[in-house]
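Structure first, commentary second.
Rule-based calculations on the coordinates, nothing more; no lab input. Since the structure is predicted, the reported quantities are computational estimates derived from the model, not experimental observations. FYI the Cβ positions are ideal-geometry reconstructions off the backbone, even for glycines, and counts take in every protein chain you see.
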Amino acid sequence: MNFMNSKADFEGFDPEQFRQYAISLATFPKPYAGAYFARVAGVEYINVPPMVENFFKGMRNFVTDKIFRRFTVHKNYESLHKNINKAYLPPEYGGELKTPLSELIDAWNKEVETNLEVLEKLVVEEVAREHLRVGKARFDDIFGVDGTFKQLEID
């Protein structure tokens, strides 16, 4: 089983960028969680403005406690270092990696460009292999009741 732990830095975010992020975060759980390639082990947030902290407090009403505990808002780098070892963080986050963040980003972009053909093929051809799905797909949470109302009879 694959687990994913990610970090999100809100430094420089303006309200419009956060609104777009919040919409994508709010719509993610229901339709995508079952098909996502990895389970979310945790998400670490740093440089969070006060309005974003309020968003995360309000998010508690929409997700289970188990999921909510996986989201951590850090007020400073010391708090971040309690959850993520400094050995895995670049110097910009008080880490011990020798490679600066800008070089890591450039290396990742180069890796994506090098494998662009393969990635495009995965997106186009391997989006979902429904023939491997066990059992009937359930759409109750998204589309309501299975079936049609073509022969609906009202008493």
Practice prompt. Report the local net charge at residue 87: Lys and Arg +1, Asp and Glu -1, summed over other residues whose C-beta lies under 12 Å from its C-beta.
Written response: +1
Discussion item. How much length would be gained if the chain were fully extended between residue 116 and residue 101, taking 0.36 nm per residue of separation minus their Cα-Cα distance, in nm to one decimal?
Written reply: 3.2 nm
Fill in: Where labels lie 7 Å past Cα in the beta-carbon direction, separation of residue 132 and residue 6 in nm
2.1
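Of the cross-linked pairs 86/110; 82/110; 57/86; 7/86; 7/66; 57/82, which ones have a Cα-Cα span greater than 23 Å in the structure shown? Mind showing how you got there, number by number?
Numbers: 86/110 25 Å; 82/110 31 Å; 57/86 27 Å; 7/86 13 Å; 7/66 18 Å; 57/82 21 Å.
From the list (86/110; 82/110; 57/86; 7/86; 7/66; 57/82), the Cα-Cα distance tops 23 Å for 86/110; 82/110; 57/86.
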Worksheet, complete the sentence: Label model pair residue 83, residue 51: point-to-point distance (7 angstrom along the Cα→beta-carbon line) in nm is 2.2
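Within a 10 angstrom radius of the beta carbon, how do 4, 59 rank from fewest other beta carbons to most? Write out the running numbers ahead of the final one.
Numbers: 4 12, 59 15.
So the ranking, lowest neighbour count to highest, is 4, 59.
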Worksheet item: Per-residue HN-Hα couplings for the stretch 101-112, Karplus 6.51 cos²θ - 1.76 cosθ + 1.60 at θ = phi - 60°, whole Hz, x for Gly and Pro?
Response: 4, 4, 6, 5, 5, 4, 5, 5, 4, 5, 4, 5
